[in-house]
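Single-structure report; data block below.
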Amino acid sequence: MTLVDEVKARLTIVDVVSDYVALENLSSRTPKALCPFHDERTPSFSISLEHDSWRCWGACGVGGGMFDFVMRADGIEFKEALEKLALKAGIEPNFKDEYSDNRRRSRSAALHEVNQIAEDFFTRQLEGAQGREALAYLESRGIDAQTARRRGIGYAPGGVNSLIAYLKSIAADSQAVVQSGLVVKGNDDAWRDMFTNRITIAIRDPRGKVIGFGARAMGDAQPKYLNTHETSIFNKSKILYGMHWASDAIRASGRAIVVEGYMDVIAAQERGFKNVVACMGTAVTSQQLQTISTVLPDDPDNPPSIVLCLDADEAGQQATLRGLQVALSEFGRRTATQTNNRRAPIDIRIASPVVSEHGEAKDPDEAIRNNGPEWIASIDQADEIIDFVIRTSLSSHNTATENGLDAALNEVEPYFENIPPHTIREQRKLNSLGEQLGIAIDDMIHVLTRKRSARETVQNASNPDNNSRRSPTRRTGTTPPAIPVAIAAIQARWESDLLACMLQYDYAIDHAANVEPYHFTDPVRRRVFQELRIAGNLEGCVGRIESDIEALSLVKRLKEVPLSPTDETIEDQAAIIQIAETCAKRTRREYLTRTKKREVQLAKENGNMFREEDMITAVKTNREIRELANPQHAAPTH
């Protein structure tokens, strides 16, 4: 018999729950109580003696067994709940024999402890003489000393009063100090503080334990923000700042508001907006959304919602678009079994920034501090995903040009769930898009249908196993056959060579002017190309994709790829430009060739009928393909 079975044999659900709440009607098979997880006046919490389980039928909508109850009530994990109930049942658990990660848990405890020591140190520094400048800055943003202490804000000094000196003086666990990322080794092999002359913000896990820090520079130092590097207890892509403050409010309200920065959350929490968390960067990740979804109530009559409210600048809007892509893939309209047995789908929306009287968009921090009700109004009026995508895509591309229109429609198409539309709502969205572009609805459906066929063809070529995982989409006609893997590999070579050239030599970027992001067959290469062209150099590109692990991995590999088959370094600028131009022409040529093949396939599906405008386009495409196919200096092969 396992320890879990032994605990269940000795305890009932009533034995466990009655330690936390006053149960009514204990003589019945379904005792009731006021739910301990949300405020209520009428009992909605009940126990099933038959199934040895509990459930809240009110705002929470959650339930489970005795271990689930203790985990939620105490904010602990399963192993801790098991240990607690084992002791209650009179069983002395021997976790050393049962769990191989006992050592890992002890190391995690050491990391939590040293991070807590660091927070206390930073707090004292802020409140001392050295922290005057930092405290003055915080006060200018509405944060006094008491608020700073309450919200875990401190100051990391430089010089002799360093954290590392203090940790040595108290004989802190040196291994934990290094593993926590609080100290780093310099080029001279000497250990130094990770954060110096910076305002520090303690980052806590959902249980309130300090797991890392964010640190804001004083003055013009760069980067503006530093974070603890990834450790066994800190993973930036999984953590949401402020979740330990916000979880109860998210559960009670059925809505989570996701902002970008620490100060946004602190401003919201201090002014009573309790259901606000931060993604701590420029992109919302699927893991963060998953964390929120586990807290949101399950209420089919009032679907829970997540509102993304990121910064109003260009980087913030791009982050919102990337967050949308994650949101659509992870939390689109799924069935209950597809989203952790959730019955109610999560409604994800995008809030427009609050605008000042001078027409300037405000970041959430500023908007909350200056006019909280106005900010909340912007949250209440948040856009549906498709509306935001249409507006943002059309405003960021010159749709009066062929290339701009094509790029905008490429961005919009994936967000239409059904083409042609199957509901009145979808029909209205499509009509609105057509009216804004001056395109008839039938033509719009035709264009978007072809784009979807093309996109799915490329996806199938890039991932042969994709068909088995992709959910079925109702369509008219037949999806064109996928590009053979061998051909896709050839196309990838030209695209990769072009990116390698651009990453290694900034001046090569200007020689890919005729290439557009949608010419690339792979979304990761497409992303790197787009950000590289915007940034204009390798360093800027890396800064723009810092939260995209796949893109960073590609950049790291391509910046080391030799541009010569003999692994010789090429220093001749003319030779580099020749390589870049050749790869750019071939990348565009491969795109046009794919386009032509799709047009022919579609014509066959329609009885070999070509419209006049399609014939004109086909002639132009053939001419450009022939021009690009002229013999050129061959690009390198790897």
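The values are calculated or read from the model by the stated rules, or taken from the named source; none is laboratory data. Here the structure is a predicted model, which is why all the values come from computation and not from measurement. Here the Cβ positions follow ideal geometry from the backbone for every residue, glycine too, while neighbour counts run over all protein chains shown. Accessible surface areas use protein heavy atoms only, side chains included; no ligands, DNA or RNA. Shrake-Rupley method; radii C 1.70, N 1.55, O 1.52, S 1.80 Å.
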Practice item. Identify all lysines with a Cα-Cα distance to residue 8 below 17 Å; exclude those on the same chain that are fewer than 8 residues away in sequence. Key: 79, 84, 88
Study note, to complete from the structure: Distance in nm between residue 572 and residue 403 label points, each 7 Å along Cα→Cβ, equals 2.9
Review point. Which sequence of 112, 519, 51 reflects their accessible areas, 1.4 Å probe, from the largest down?
Key: 51, 112, 519
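Suppose R0 equals 35 Å; then what is the FRET efficiency for residue 91 and residue 230 from their Cβ-Cβ distance, rounded to the nearest 0.05?
Details: r = 37 Å, r/R0 = 1.06.
My answer for the efficiency is 0.40.
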**Study point:** Spin-label model distance (nm) - residue 417 vs residue 68, 7 Å beyond Cα toward Cβ
**Key:** 2.6
Exercise for review: Starting from the coordinates of the alpha-carbon atoms of the stretch 26-89, obtain the Kirkwood hydrodynamic radius over all distinct pairs and give the value in Å to one decimal.
Suggested key: 12.4
Review point. In straight Cα distance, which lysines are under 24 Å from residue 597, not counting same-chain residues fewer than 8 positions off?
Key: 451, 585, 620
Point to revise | the stretch 66-210, relative contact order [Cα under 8 Å, separation at least 6], % | key: 24
Review point. Taking the alpha-carbon centroid of each part, what is the distance from the stretch 1-70 to the stretch 260-312 in angstrom?
Key: 29
Review point. With every protein chain left in place, what is the accessible area of residue 238 in Å² (1.4 Å probe, nearest 10)?
Key: 110
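Expressed as a rounded percentage, what relative contact order does the stretch 379-463 have, with Cα pairs under 8 Å and six or more residues apart? Mind showing how you got there, number by number?
Details: 48 pairs, mean separation 20.8, N = 85.
Result for the stretch 379-463 is 24 percent.
Averaged per residue, what accessible surface does the stretch 97-244 expose to a 1.4 Å probe, in Å²?
On the way: 7310 Å² over 148 residues.
For the stretch 97-244, the per-residue accessible area is 49 Å².
Hey, what's the per residue convex hull volume over the C-alpha atoms of the stretch 416-462, in cubic angstrom? Write down the numbers at each step before the final one.
Values: hull volume 3.2 nm³, N = 47.
Roughly 68 Å³ of hull volume per residue.
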Review point. Mean 1/r over all different Cα pairs, inverted: what Kirkwood radius does the stretch 377-465 give, in Å?
Key: 14.0
Review point. Between residue 51 and residue 426, what is the label-to-label distance in nm when each label sits 7 Å out along the Cα-to-Cβ direction?
Key: 3.4
Revision key, fill the gap. With a Förster distance of 25 angstrom and the Cβ-Cβ distance between residue 76 and residue 30, calculated FRET efficiency to the nearest 0.05 equals 0.40
Review point. Based on the alpha-carbon gyration tensor of the stretch 227-302 and its eigenvalue square roots a ≥ b ≥ c, which shape applies: rounded if a/c is under 1.5, prolate if not and a/b is larger than b/c, or oblate?
Key: oblate
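If you take the square roots of the eigenvalues of the alpha-carbon gyration tensor of the stretch 14-164 and sort them as a ≥ b ≥ c, do you get rounded (a/c under 1.5), prolate (a/b over b/c) or oblate? It would help to have the intermediate numbers written out before the result.
Details: a/c = 4.49, a/b = 1.79, b/c = 2.51.
Oblate is the answer for the stretch 14-164, as a/c is 1.5 or above yet b/c matches or exceeds a/b.
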Practice item. Any chance you could run the full-extension gain for residue 302 through residue 513? It's 0.36 nm times the residue separation minus the Cα-Cα distance, nm to one decimal. Key: 71.0 nm
